[in-house]
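The structure under discussion appears below in the form of structure tokens.
The values are calculated or read from the model by the stated rules, or taken from the named source; none is laboratory data. The structure displayed is predicted, hence computed values, not measured ones. Virtual Cβ from ideal backbone geometry, glycine too; neighbours counted across all protein chains shown. Side chains are part of the model used for accessible areas, which takes the heavy atoms of the whole protein and leaves out ligands, DNA and RNA. Shrake-Rupley method; radii C 1.70, N 1.55, O 1.52, S 1.80 Å.
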Amino acid sequence: MTGDTTTARAGFRQALAAEWIKFRSVRSTVWTTLATAVVPVAGAVFVAATGSLQDDDTVIGGSLTLAVVAQMLAAVVGATTVTGEYASGTIRTTFAANPRRGTVMAAKAAVVAAVMYVTALVSCSLAVLVGDALLPDRYAAGEPLPALFGIAASFAVAGLLGLAVGTLVRHSAGAVTTVIGLLLLPSLFGPLFGDARRWIAGLSPTAALEKMTQTSDATAETVGSLGAWPSLWLVTGSTLALLLIGIGALRRRDV
């Protein structure tokens, strides 16, 4: 029993190290991650320079105006982490080196979630500081803490959603299109479901993000009437369920 446990743990550590090396070695992944970090800060500067906030908005909401765009980029990072390997054919080498496909995907998920969380936490915190320094005093500050931790978590969830979709779709263009649709469509179609809109409209990392940023645009009609943290837990659970489905499909299909 002890030997089996040690082997399993070593297998995950090795897979984790390999996935981290691949993540930081692929130029497109690195550049997209960098863009994810830059967009929120650039958005804070732009909003402050143009004064394009609504009167009832908050500093945190205005500073993170472009956080939704950055979150989409995080989802793209997650999707291309796996689809890039299918495109290049290196997925066969990956599974030849470690036949435990579930372990490999768990390592990919850990790398994507950790990188997106840290990237978003640093970037969005800096964006709020920039907004606080540049925006006029007439705007309410909002409550950056603990919201920033939830915002960073929503980026990690978006990355995992992209990873799940990429595992199922396998093709970069199709996976990117699908995951962006999953981020945006619940808010667009939620109002059509009547009393169920609080669940439907809130069923995406973008909805949780907009609630966490305390933007005045986060109305019940567009992002559901669940609170920010319940919405985040809801999308986290549904994303993990989709990721498990993707791993199950990966185990059954040829590469």
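Close Cβ contacts (under 6 Å, 6 or more residues apart or on different chains) running from residues in the stretch 226-238 that are without any contact (Cβ under 8 Å) to a residue 60 or more places away in the chain to residues that are surrounded by fewer than 21 Cβ atoms within 10 Å (Cβ to Cβ) comprise LEU226/ARG198.
Out of all the residues in the stretch 19-33, is one or more part of a loop (DSSP other than H, G, I, E, B) and in contact (Cβ under 8 Å) with a residue 24 or more places away in the chain? Yes, that holds for at least one residue.
Yes/no matrix, rows are residues, columns are (1) buried (at least 20 other Cβ atoms within 10 Å of the Cβ); (2) under 14 Å from VAL82 (Cβ atoms):
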position	(1), (2)
ALA133	no, no
ALA147	yes, no
ALA156	yes, no
VAL179	yes, yes
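Using the structure shown, decide if VAL69 is in a helix (DSSP H, G or I) and more than 17 Å from PRO205 (Cα to Cα). Criteria not met by VAL69. Of ALA67, ALA49, ALA96, ALA114, all but one fail to be small (Gly, Ala, Ser), within 17 Å of LEU148 (Cα to Cα) and open to solvent by 30 Å² or more (accessible area, probe 1.4 Å); the exception is ALA114.
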